[in-house]
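Visitor: I'd like to ask some things about the structure below.
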Amino acid sequence: MRLDDERESDNVEDRRGESSGGGFSLGVGHLSLGGIVLALVISYFSGISPSTLLSLFSGGSAPAPQVVSAHKPPANDAMATFVSKVLADTEDTWQVIFRESKREYRDPKLVLFTGTTSTACGAGKAAMGPFYCPLDEKVYIDLAFYQELKDRFHAPGEFAEAYVIAHEVGHHVQKLLGISDKVRAAEERAGNQAQINALSVRLELQADCFAGVWGKRADSMQHIIEPGEINEALNAATAIGDDRLQQEAQGTIRPETFTHGSSAQRVRWFKRGMETGDPNQCNTFNTKTL
Ligand SMILES: [Zn+2]
């Protein structure tokens, strides 16, 4: 990507190397808390159902936000600088898009952490993959995930890495637009897990589409994408489709258990955003064919 002229975001919080602190350090007694945590975060990979997630928002079971000292990442850290520039680009892009529809965009924070960290949604763990916590409006990422993207998912490349951030920022956009709340209400009405999973898929595919919208808009404004890089993001979207992951993990595919969408669906919605640059084209809740 061409990011040399990009500014860095002021919204990156560097917690790498810190212990998770507070009551959230891992121990046997915290297992149930771990359950809550898993239910609460919108995670990239872990196949968490937002039903549990969102139904818990209204309850009192969410742990109180932890106060964590905020540090800026060091200037000579290439990976942190990259993430910071991509985040800044999502800020600029979504500011413009929100203004077009007379809305105000509120920047999310992005937290770099290693291993485990406390979040308003409970303990965040690297194993969950990057995730967004709607309660504190922060994206959490352990940069070791990018190594996994290369090694395990065979999806290298800067634009693939940027897509991961843009997808989580997409969840933040959903929060600001009130979509997450609507999905939560729909899930409370849902009769069974398959319906709840189907809502999750629509939420995730919309975040993919929003990531594409960012890609398109950012590239038209700043020309940040280099030849071939769009394919990197498509490759990443393919690699993390539920069907591909299930095939690799279990050797079978069960579409009714999908929570993020198939590879083809993830590619299609990312492309839809990338081709149109129009968030209104990302209404995954109002279409028969995903
Ligand atoms: Zn997601």
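Every read-out reported here was derived from the displayed coordinates using simple, explicitly stated rules and does not represent laboratory data. Everything numeric in this text was worked out from a predicted model, so none of it was measured. Methodologically, a virtual Cβ is constructed for each residue, glycine included, from the backbone with ideal geometry; neighbour enumeration extends over all protein chains shown.
Visitor: Please give the Cα centre distance for region 106-175 versus region 241-271, rounded to the nearest Å.
Guide: Distance between centres, Cα-based: 19 Å.
Visitor: Would you mind getting me the FRET efficiency between Asp181 and Met221? Use the beta-carbon distance for r and R0 = 25 Å, nearest 0.05.
Guide: With a Förster radius of 25 Å, E is 0.25.
Visitor: A further question follows. Which pairs, out of Lys125/Lys216; Lys138/Lys216; Lys85/Lys125; Lys138/Lys271; Lys102/Lys216, put more than 29 Å between their alpha-carbon atoms?
Guide: Pairs exceeding the cut-off: Lys125/Lys216.
Visitor: With a 10 Å Cβ neighbour count serving as the proxy for reagent exposure, in which order, fewest first, do Glu137, Glu187 appear?
Guide: Glu137, Glu187
Visitor: Please compute the Cα-Cα pair-distance distribution of region 77-207 with 10 Å bins starting at 0, giving whole percents from short to long.
Guide: Calculated P(r), rounded to whole percents: 12, 38, 36, 14, 1.
Visitor: Separate question: Give the shape of region 171-216 as rounded, prolate or oblate, defined through the alpha-carbon gyration tensor: a ≥ b ≥ c are the square roots of its eigenvalues, a/c under 1.5 means rounded, and otherwise the shape is prolate if a/b is larger than b/c and oblate if not.
Guide: In terms of gyration-tensor shape, oblate.
Visitor: Volume per residue, Å³, of the convex hull around the alpha-carbon atoms of region 145-226?
Guide: Dividing the Cα hull volume of region 145-226 by its residue count gives 100 Å³.
Visitor: Using a 10 Å cut-off around each Cβ, can you sort Tyr146, Tyr140, Tyr163 from fewest to most neighbouring Cβ atoms?
Guide: Tyr146, Tyr140, Tyr163
Visitor: Let me ask something else. Please state, rounded to one decimal and in Å, the Kirkwood hydrodynamic radius that region 155-290 gives when every pair of distinct Cα atoms enters the mean of 1/r.
Guide: Values: mean 1/r = 0.0662 Å⁻¹.
About 15.1 Å, per the Kirkwood formula over Cα pairs.
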